[in-house]
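Read-outs: derived from the displayed coordinates by stated rules, not from any lab. Here the structure is a predicted model, which is why all the values come from computation and not from measurement. Here the Cβ positions follow ideal geometry from the backbone for every residue, glycine too, while neighbour counts run over all protein chains shown.
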Amino acid sequence: MGDRHDYVALDWVKGEIEEVLKQAQYELEAFAESPGDTARMKFCLSYLHQVRGTLQMVEFYGAAMLAEEMEAVVQAMLDNQVSHAEEACEVLMQAILQLPNYLDHIKLGRRDLPVVLLPVLNDLRGARGEALLSETSLFQPSIKASTPLDAALENQLADKQVIDLVRKLRQMYQLALLGVLQGKDLDRNVAYLQKVTNRLTKLLDGAAAQSLWSVAAAVLEGIAGKGIAVNSAIKELLKQLDAELRSFVTKGAASLGQVPMDLLKNLLFYVARCELDTPLVNAVKDEFNLDDALPASSLVDHDRQALEGPDKATMGSVASALIEEIGSLKDQLDVLVQGKGAQPDKLALLLPGFKQIGDTMGMLGL
């Protein structure tokens, strides 16, 4: 799937956002020195609201979510709904400093991943006593809006023979599901569930409900390949799928025009988590853009570490110093190379310089 973000627009507004954030930081620092001066926090709130609006306009929703949470903390402080104001100020300052880093990060990496911001988002929510977010809550797969069944397809699926077939498929599904719930002959019962979901995927071609059953088939493929564990949550989702079959049998084709979004999203979450390289799993990951919706844990950890590092300005000054030091070592090596004979004692004098460069780059996470 192509990236839908407008990075040219981000280039246009990034400088403005950073300037507005500096103003917000200035007002927050002034408030920290004079906690009774609420006018400072009102100015800070206004600046953060401006930042959020700009980020929403250019559709970078991960960054906009961070600005929104900052805004909520400032409003809670103005409403005297924060129990530890000093701690809230520290969390706010951390978030204000981190947002420009995040914008640099998504500009270079071409990925706006809200899950990378989860620690600071939860710090902000914790500062105002709100429930913390989980990875699932930030999971946003690319789900297309449901479209109503056209008349010809609805008539076709309303045929008595089709309903009778679905009734038989449901009976097979229920028997296999019972075995899975009881932990009996798991491989055989999962195979039966796969047959039902694969048959329904073909039967419902063109209907909105087809996506639900194709995703269910991918989940079962993941279970069969031991890439998805059969835990209590999976069992509950499989039971909810049976309820969808019951609805088809009792209500007919009219029930197929809408897809239960919560059920679909929860099934997609397990496909996104599945690391198996199988046709159905890969097809669903591509169709719903799951690699961006829930990237691998190693990628998220790497991105979070990058955000904790120095900002672009600091990196620029350190890079200049490193380039100068490398240039000096290169000049010394050139002299040694042009000399006649080995000079290990002089080469040894260069080792501390190389070690210092290595240590500096390691400190920067490079």
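Here are some notes:
- Packing-based order for 14-20, 89-95, using average beta carbon neighbours within 10 Å, highest first: 89-95, 14-20
- Rounded to the nearest 20 debye, the dipole size of the chain about its Cα centre is 1920 debye, using +1 on the Cβ of Lys and Arg and -1 on the Cβ of Asp and Glu.
- Residue separation of residue 56 and residue 32 scaled by 0.36 nm, minus their Cα-Cα distance, works out to 5.8 nm of gained length.
- Of every Cα-Cα pair in the chain, the percent that sits beyond 32 Å: 53 percent
- Take every Cα pair under 8 Å whose residues are at least 6 apart in sequence, average their separation, divide by the length of the chain, and the relative contact order is 15 percent.
- FRET E, pair residue 174, residue 262, Förster distance 35 Å, beta-carbon r, rounded to 0.05: 0.95
- Backbone N atoms of region 50-66 closer than 16 Å to the 7 Å Cα→Cβ label point of residue 78 belong to residues 50-53.
- Loop-located trypsin sites (Lys or Arg not before Pro) in region 183-283 (DSSP state not H, G, I, E or B) with no more than 14 neighbouring Cβ atoms inside 10 Å: 184, 226.
- Using alpha-carbon coordinates, inclination of helix 186-203 to the longest axis of the chain, degrees: 80 degrees
- Dipole of the chain, positive end: most advanced residue of 101, 189, 91 [Cβ charges, Cα centre]: 189
- Under 13 Å, Cβ to Cβ, from residue 161 - net charge with Lys/Arg +1 and Asp/Glu -1: +1
- Over the residues of the chain, the helix contribution to mean residue ellipticity at 222 nm works out to -24000 deg cm²/dmol, using -39500 (n - 2.57) for each DSSP H run of at least 4.
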